[in-house]
1. Please verify whether ILE89 is under 16 Å from the mean Cα position of the chain (by Cα) and either more than 20 Å from ASP125 (Cβ to Cβ) or in a helix (DSSP H, G or I) (or both), treating the condition exactly as stated.
2. Looking only at the range 193-211, which residues are among the small types (Gly, Ala, Ser) and not in a helix (DSSP H, G or I)?
3. I'm checking my understanding of the structure. Among residues of the range 192-210 that are surrounded by fewer than 20 Cβ atoms within 10 Å (Cβ to Cβ) and under 28 Å from ASP121 (Cβ atoms), which one is nearest to the chain's Cα centre (by Cα)?
4. State yes or no: is ILE234 in the same structural domain as LYS256 (by TED's automatic domain parsing) and without any contact (Cβ under 8 Å) to a residue 60 or more places away in the chain?
5. Which number in (1) closer than 29 Å to PHE45 by Cα; (2) surrounded by fewer than 19 Cβ atoms within 10 Å (Cβ to Cβ); (3) without any contact (Cβ under 8 Å) to a residue 40 or more places away in the chain marks the one condition that LEU87 misses?
6. Do we have LYS51 as touching a helix residue (DSSP H, G or I) at 6+ places or on another chain (Cβ under 9 Å), touching a residue at least 40 places away in the same chain (Cβ under 8 Å) and over 27 Å from LYS266 (Cα atoms) here?
7. Mind listing whichever residues of the range 113-123 are within 20 Å of ALA55 (Cβ to Cβ) and either outside the structural domain of ALA180 (by TED's automatic domain parsing) or modelled with pLDDT of 85 or more (or both)?
8. Restricting the range 40-61 to residues that are over 15 Å from the mean Cα position of the chain (by Cα) and among the β-branched types (Val, Ile, Thr), which is surrounded by the fewest Cβ atoms within 10 Å (Cβ to Cβ)?
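The values are calculated or read from the model by the stated rules, or taken from the named source; none is laboratory data. A quick note: this is a predicted structure, and the numbers were derived from the prediction, not measured. We place every Cβ from the backbone using ideal geometry, glycine too, and count neighbours over all the protein chains shown.
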Amino acid sequence: MEHYPVLYREVLDFFKKIKGKHIVDATVGGGGHAFLLLKNLPDTFLIGIDKDDFALKKAEEKLSIFKNRYKLVKGSFKDIDLIVRSLNINYVSGILFDLGVSTFQLKMERGFSFMRDDPLDMRMDRSQKKTAFDVVNSYTKPELAKIIKEYGEEKFAKKIASAIIEARKKKRIETTKELAQIVYNVYPPALRRGRIHPATKTFQAIRIEVNNELEEIKEGVNKGIDLLEKGGIIAVISFHSLEDRIVKNIYRERKKLKDIEILTKKPITPGTEELKENPPSRSAKLRVAKRI
């Protein structure tokens, strides 16, 4: 069965209503959303941004049939304004952010998933220096507890931080399985068998720390709104409550400034059909706003 990007029907419904020529896929990944946007919006030119060289290579392969209708750029979406203006474009009519980790990234030896035994890496941009290994093996107990609690919303954050410190006294923690096992052992036996693996929140927290994700979302979404022409739309797909809260608060602040109209009173979530064809989409939330 062909894999479709998350909430693609809903994204297309909004983007089909825009009138302008230029749109930005600020997290182009493997090109899933970009492909459907270019296919369904024949007069559109798309700028695709990603930090990940491998993602850009995959996107290039997927989008190559749309000759001269797209430009792929390596960079962070926090620099969306600089990237767009470097192409001599001042304003755009649509921007999409899909804040999820791509399926192919989870399958690669990047340390995003504890389902494989990979080195602790978790970098979206392989050229940056800080890795998950650095965070796990060099952060102090209070620093670890803080990021695991704040970014993972993990109630056992202090205990997990203590367990990491104790484990690394014996040897450096080098792989995803090692880290996952440390977290698993902290959890009370009665809570180890839930639908979500005990290590999920800790891995999320460390990934966010390594990639500075939340600060980049704040910067990128605000700059994105500034780049929109009148009537242009911004659509953000998030996958956990921290991201969704940031987007919701930005929209509220910009609505007070009379910059935008919020088009989704509540976030749009996947319907029954999508959940059947793509179960990992279950946590996705889409919020859309229009520049006024």
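1. Numbers: under 16 Å from the mean Cα position of the chain (by Cα): no; either more than 20 Å from ASP125 (Cβ to Cβ) or in a helix (DSSP H, G or I) (or both): yes.
No.
2. Within the range 193-211, GLY194, ALA199 meet the criteria.
3. First, the residues of the range 192-210 that are surrounded by fewer than 20 Cβ atoms within 10 Å (Cβ to Cβ): 192-197, 200.
From the residues that got through so far, the ones that are under 28 Å from ASP121 (Cβ atoms) too are 192, 194-197, 200.
Details: ARG192: 27, GLY194: 24, ARG195: 22, ILE196: 19, HIS197: 20, THR200: 16 Å.
Here the answer is THR200.
4. Details: in the same structural domain as LYS256 (by TED's automatic domain parsing): yes; without any contact (Cβ under 8 Å) to a residue 60 or more places away in the chain: no.
Spelling it out, it is not the case that ILE234 is in the same structural domain as LYS256 (by TED's automatic domain parsing) and without any contact (Cβ under 8 Å) to a residue 60 or more places away in the chain.
5. Of the numbered conditions (1) closer than 29 Å to PHE45 by Cα; (2) surrounded by fewer than 19 Cβ atoms within 10 Å (Cβ to Cβ); (3) without any contact (Cβ under 8 Å) to a residue 40 or more places away in the chain, the odd one out for LEU87 is (3).
6. Details: touching a helix residue (DSSP H, G or I) at 6+ places or on another chain (Cβ under 9 Å): yes; touching a residue at least 40 places away in the same chain (Cβ under 8 Å): yes; over 27 Å from LYS266 (Cα atoms): yes.
So LYS51 passes the test.
7. Selection gives ASP118, PRO119, ASP121, MET122, ARG123.
8. The extreme case among them is THR44.
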